[in-house]
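Enquirer: Below are the structure tokens for one structure; questions will follow.
Readers should treat all values here as calculations from the given coordinates under stated rules, not as data from a laboratory. Not measured: the values here are computed from a predicted model. Cβ: placed from backbone, ideal geometry, glycine included. Neighbour counts: every protein chain shown.
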Amino acid sequence: MNPYAVKLAMRHLLSHPGQTALLMAGVALGVSVFIFMSALIGGLATLLTLRTVGSIPHVVLEMPDRDPATLYMGPGAQVVLQKDLSRRGQITIWQPMIPIIEQSSGVIAVSPQIRGSAFVQRGQAVSPVGVIGTMPGKLSVIAEIDGAIVDGSSNLPADGILIGSVLARDLGLRVGQVVQLTSDRGRSRSFRIGGIFTLGIASADRQSIYMNFATARALFDLPTGISRIEIKVQPATDAAGIAERLRLSTGLKATAWTEDNQQLFEGLDAQARTGTIIKAFSLVTIIVGIASAMLLSIVRRQSEIGIMRAMGASRGLVISIYVLEGTLIGVVGAITGALAAWLALLPLPPVSAVTRGDLPIDRQQGDFLLAIALTTLAATLASILPARRAARIDPVEAIGA
Amino acid sequence: MTKEQILSVTGLIKDFGEGETQTHVLKDINLAMAAGEMAALLGPSGSGKSTLLTILGTLMRATGGTHEMLGVDLMHASEAQRTEFRSKNLGFVFQFHHLLPDLSALENVMMPAACAAGRETATMRARASELLDAVGLSDRRDFRPAAMSGGQRQRVAVARALINNPVLVLADEPTGNLDRESADHVMDLIHKINQTMGSSFLISTHDEHIAGRCQRRIELLDGRIVRS
């Protein structure tokens, strides 16, 4: 870099400190908007994803649906074995699969479950529910039930169950009361309500009941098999790829959470694109601002540029001076803006601690370095055209010789 | 003993515009200058003095003719070659000082050398100090142009023209904006530099008093040299 160009660029900027500060403040504002939008859009996406996938399995493994066997296929006739609707899909040999699944890349938690439909009855009140039988120590690996208990405890003795708070309210149930559960296999048994939970998901709080794994076996008449294996993965957005790998390695039907939440993905994508457009506009504003300020500066300094050219300054030197000026404005403005944005975002709570009314801003997703790099690049690009124009100034015209 | 010839132009013409609007500003100019010569270029307004100085200073190309200096064919040199030649061999003093307002007197004097070298050096600084001493402004070296009088600014401009030890200094009405006392001071300075440093001067002027202080008169009338 030409040291004399650096000196003259610095001198130009420092000779009009008010104008330079105003220009840098404009760049800083654009960078702050860029970072704020990145943090907000990223935080919103994180919050929505956390809220959506926080209490659901990311991948579910089940027995694949089998097509009915074809007994005869001839001209004009086909004989097909009727599907036995009384048989449930169950994973009979599941224990050897668990270590394989647990060691798969991206998998962070595995929960074999027994699931079934049942009716819960308390006096005259009856309500359909979904029952989930979990293994000891696996209660909270998919949905954070331990942390969602609002009354009672999360212990699951053989005769104990945990119910959702909406169900409890609808049926007028409290901890310690006894209810009757009748499974879809026709088995019926009394249970004591050990705890009431609120997950914040309406369907779970209204229809889910958790119980001991062994008790669920008996209630749903599954002496050895299990209904499904629920899995959490990290990151949740890789669920589709991990599901495909698990399908190949286990031979089970694997369903990723993304298959059932396409609308969320589309929403997040639209939101990200909106953010990109806003960020692009802030960059364009920076480019236009710097380019117009540089052009004005060049018009004002036309005779100075002319005299320098007359005294032997090359076109390259003139270009270097003005490109450096633009770049310095961009770098200082960008760093100032990034610092201001960082300080402004500092007191905001992390996304995981956001409560109603808070902006879900994730400082980590502020793209600080990207904002500084893009702004510097934009400032440099913005100054190239004015700098080239400066280099083309005819010294004879500029100095009126 | 014949002094070495540094500049030679023959049959030089300069036209502006085309077709019906074409104007012939310089017509068949033939001129030579020797090393150490101090010449006055006289003529009424519009006679082509400034255009001739601009062409001799390689800031503009002639339409035709030859233009050689120190054996270099400047008529056919590239723009980059002309810029380099200008920075090494030519000095300029204009009617208006044209100092850079953001630089001190010392930095303004160094500017042509720093532009060519890409940096300011201690040698340049020492040479610029010497020149400011020579023009009587050693106590103004850190002053910016705005803090100096018109005469002082023009003396800084003279010092700036000499920083690269030019073979030829082209001065376009260098005293045109100064009162008589300041003008005399600047002319004394030019004369002293011409005598001590050996640079040639071609000074465009309307002022007979200024012209009288030069060794040679070159008179232009309607784009032609009528006396040399």
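Enquirer: Compute the long axis of helix A:239-250 from its Cα atoms, compare it with the longest principal axis of the Cα atoms of chain A, and write down the angle in degrees, 0 to 90, nearest 10.
Expert: Its long axis makes an angle of about 40 degrees.
Enquirer: Could I get the Rg over Rh figure for the stretch A:242-299? Both from C-alpha atoms, Rh via Kirkwood, rounded to two places.
Expert: Result for the stretch A:242-299 is an Rg/Rh of 1.49.
Enquirer: Answer rounded, prolate or oblate for the stretch B:96-228, using the Cα gyration tensor with square roots of eigenvalues a ≥ b ≥ c: rounded when a/c is under 1.5, else prolate when a/b is larger than b/c, else oblate.
Expert: Prolate, because a/c is 1.5 or more and a/b exceeds b/c.
Enquirer: Roughly how far apart, in whole Å, are the Cα centres of the stretch A:216-246 and the stretch A:69-134?
Expert: 10
Enquirer: Turning to a different aspect of this structure: About the Cα centre of the stretch B:5-227, what is the dipole size in debye to 20, counting +1 per Lys and Arg Cβ and -1 per Asp and Glu Cβ, all else neutral?
Expert: Details: 23 positive and 26 negative charges, 77 e Å.
Taking the Cα centre of the stretch B:5-227 as origin, the dipole is about 360 debye.
Enquirer: What net charge is computed for the residues neighbouring B:Lys49, neighbours being all others with C-beta under 13 Å from the C-beta of B:Lys49, Lys and Arg scored +1, Asp and Glu -1?
Expert: Here the count lands on -2.
Enquirer: Take A:Trp257, A:Trp94, A:Trp342 and order them by how many other Cβ atoms sit within 10 Å, fewest up front.
Expert: On the way: A:Trp257 23, A:Trp94 20, A:Trp342 15.
Ranked by crowding around the Cβ, least crowded first: A:Trp342, A:Trp94, A:Trp257.
Enquirer: For a quick check, take a GNM of chain A with Cα springs below 10 Å and name the residue from A:Thr255, A:Thr49, A:Thr285 with the largest mean-square fluctuation.
Expert: Judging by the Gaussian network model, the answer is A:Thr285.
Enquirer: Treat every Asp and Glu Cβ in chain A as -1 and every Lys and Arg Cβ as +1, leave all other atoms uncharged, and give the resulting dipole magnitude about the Cα centre to the nearest 20 debye.
Expert: For this selection, approximately 280 debye.
Enquirer: Among B:Glu37, A:Glu397, which comes first, second and so on when ranked by fewest other beta-carbon atoms within 10 Å?
Expert: Listing B:Glu37, A:Glu397 from fewest to most nearby Cβ atoms yields A:Glu397, B:Glu37.
Enquirer: A further question on this structure: Where both residues lie in the stretch A:90-226, what percent of DSSP beta bridges are antiparallel, nearest 5? Intermediate values should be presented prior to the final figure.
Expert: Details: 26 of 36 bridges.
Percentage antiparallel, nearest 5: 70.
Enquirer: Still on this structure, I have one more. Just from the alpha-carbon atoms, what are the Rg and Dmax of the stretch A:90-226 in angstroms?
Expert: Rg and Dmax of the stretch A:90-226, Cα atoms, are 14.9, 50 Å.
Enquirer: Count the DSSP beta bridges whose two residues both fall in chain B, then state the antiparallel fraction as a percent rounded to the nearest 5. Mind showing how you got there, number by number?
Expert: Details: 18 of 36 bridges.
Approximately 50 percent, going by the DSSP bridge assignments.
Enquirer: Viscosity 0.692 mPa s, temperature 37 °C: what is the translational diffusion coefficient of the stretch B:5-227 from Stokes-Einstein with a Kirkwood Rh over Cα pairs, rounded to a whole number of µm²/s?
Expert: In µm²/s, the coefficient rounds to 184.
Enquirer: May I ask you to derive the FRET efficiency for A:Val150 and A:Asp358 from their Cβ-Cβ distance with R0 = 25 Å, giving the value to the nearest 0.05?
Expert: Numbers: r = 22 Å, r/R0 = 0.88.
In this case the efficiency is close to 0.70.
Enquirer: Using a Gaussian network model of chain B with C-alpha springs under 10 Å, which one of B:Asp133, B:Asp102, B:Asp28 is most mobile by mean-square fluctuation?
Expert: The residue that fluctuates most here is B:Asp102.
Enquirer: Give, to the nearest whole percent, the P(r) tail of the stretch A:1-93 beyond 22 angstrom, counting all Cα pairs.
Expert: Here the long-distance tail beyond 22 Å is 71 percent of all Cα pairs in the stretch A:1-93.
Enquirer: Continuing with the same structure: Out of B:Val93, B:Val109, B:Val25, any idea which swings most in a Gaussian network model of chain B, alpha carbons joined below 10 Å?
Expert: B:Val25
Enquirer: Got a sec to turn the phi values of the stretch B:163-179 into Karplus ³J(HN,Hα) couplings, 6.51 cos²θ - 1.76 cosθ + 1.60 with θ = phi - 60°, whole Hz, x for Gly and Pro?
Expert: 4, 9, 6, x, 6, 9, 10, 9, 10, 9, 6, x, 10, x, 9, 10, 6
Enquirer: If the viscosity is 0.692 mPa s and the temperature 37 °C, what translational diffusion coefficient in µm²/s does Stokes-Einstein give for the stretch A:156-202 when Rh comes from Kirkwood over Cα pairs?
Expert: In µm²/s, the coefficient rounds to 291.
Enquirer: What ranking do A:36-42, A:20-26 get when scored by the average of other Cβ atoms within 10 Å per residue, highest first?
Expert: Those peptides, ordered most packed to least, come out A:36-42, A:20-26.
Enquirer: Hey, rough spin-label estimate for A:Val6 and B:Ala126, points 7 angstrom out along Cα→Cβ, what's it come to in nanometres?
Expert: In this crude label model, A:Val6 to B:Ala126 measures out at 2.4 nm.
Enquirer: Label A:Leu370 and A:Asp159 with points 7 Å out from Cα along Cα→Cβ: what is the distance between them in nm?
Expert: About 5.9 nm, to one decimal.
Enquirer: Return a whole-number percent for the relative contact order of chain A, with Cα pairs under 8 Å and 6 or more residues apart as the contact set.
Expert: Once normalised by length, the contact order is 27 percent.
Enquirer: A follow-up question, please. What FRET efficiency comes out for A:Val299 versus A:Leu50 if R0 is 56 angstrom and r is the Cβ-Cβ distance? Round to the nearest 0.05.
Expert: 0.55
Enquirer: What residues from the stretch A:248-287 fall in the zone where the backbone N is under 18 Å from a label point 7 Å along the Cα-to-C-beta line of A:Met73?
Expert: none
Enquirer: How high is the relative contact order of the stretch B:5-227, given as a whole-number percent (alpha carbon pairs under 8 Å, six or more residues apart)? Kindly include the intermediate steps, with their values, before the conclusion.
Expert: Values: 425 pairs, mean separation 68.5, N = 223.
Computed value for the stretch B:5-227: 31 percent relative contact order.
Enquirer: Let me ask something else about it. May I ask you to derive the relative contact order of the stretch A:90-226, considering only C-alpha pairs under 8 Å and at least 6 residues apart, and to give it as an integer percent?
Expert: Reported relative contact order: 32 percent.
Enquirer: When Cβ neighbours within 10 Å are restricted to other protein chains, what is their mean count per residue of peptide B:94-104?
Expert: Counting Cβ atoms of other protein chains within 10 Å of each residue's Cβ and averaging gives 5.
Enquirer: Further question on the same structure: Ignore the peptide's own chain and count Cβ atoms of other chains within 10 Å of each Cβ in B:116-124; give me the average, rounded.
Expert: 3
Enquirer: Report, to two decimal places, the Cα Rg of chain A normalised by 2.2 N^0.38 Å (N = number of residues).
Expert: 1.55
Enquirer: Tilt of helix A:315-345 relative to the longest C-alpha principal axis of chain A, in degrees (0 to 90, nearest 10)?
Expert: Around 40 degrees separate the two axes.
Enquirer: How shielded is B:154-164 by partner chains, expressed as the average number of their Cβ atoms within 10 Å of its Cβ atoms?
Expert: Mean number of neighbouring Cβ atoms from other chains: 1.
Enquirer: Please work out the FRET efficiency for the pair A:Leu22 and B:Arg227, using the Cβ-Cβ distance as r and a Förster radius of 60 Å; give the result to the nearest 0.05.
Expert: E(calc), rounded to 0.05, equals 0.55.
Enquirer: Cut-off is 10 Å between beta-carbons; in what order do B:Phe96, A:Phe119, B:Phe201 appear when sorted fewest neighbours first?
Expert: Listed from fewest to most nearby Cβ atoms, that is A:Phe119, B:Phe96, B:Phe201.
Enquirer: Still on this structure, please answer the following. Given H placed 1.01 Å from N in the peptide plane, which residues other than close sequence neighbours of A:Val150 have an amide H under 5 Å from its amide H?
Expert: Excluding prolines and chain starts, which carry no amide H, the hits are A:Ile196, A:Phe197, A:Thr198.
Enquirer: Further question on the same structure: Helix B:122-134 against the longest principal axis of chain B: what's the angle in degrees, Cα atoms only, rounded to the nearest 10?
Expert: 80
Enquirer: Quick one: which of B:Lys27/B:Lys192; A:Lys7/B:Lys192; B:Lys3/B:Lys49; A:Lys232/A:Lys279; A:Lys7/B:Lys14 span more than 28 angstrom between C-alpha atoms?
Expert: On the way: B:Lys27/B:Lys192 34 Å; A:Lys7/B:Lys192 33 Å; B:Lys3/B:Lys49 25 Å; A:Lys232/A:Lys279 34 Å; A:Lys7/B:Lys14 38 Å.
Result: B:Lys27/B:Lys192; A:Lys7/B:Lys192; A:Lys232/A:Lys279; A:Lys7/B:Lys14 exceed 28 Å.
Enquirer: How much mean residue ellipticity at 222 nm does chain A get from its helices, if each DSSP H run of length 4 or more adds -39500 (n - 2.57) and you divide by all residues, to the nearest 500 deg cm²/dmol?
Expert: When only DSSP H runs of four or more count, the value is -16500 deg cm²/dmol.
Enquirer: Which distance in Å, rounded to a whole number, links the C-alpha centroids of the stretch B:170-184 and the stretch A:300-377?
Expert: Answer, in whole Å: 47.
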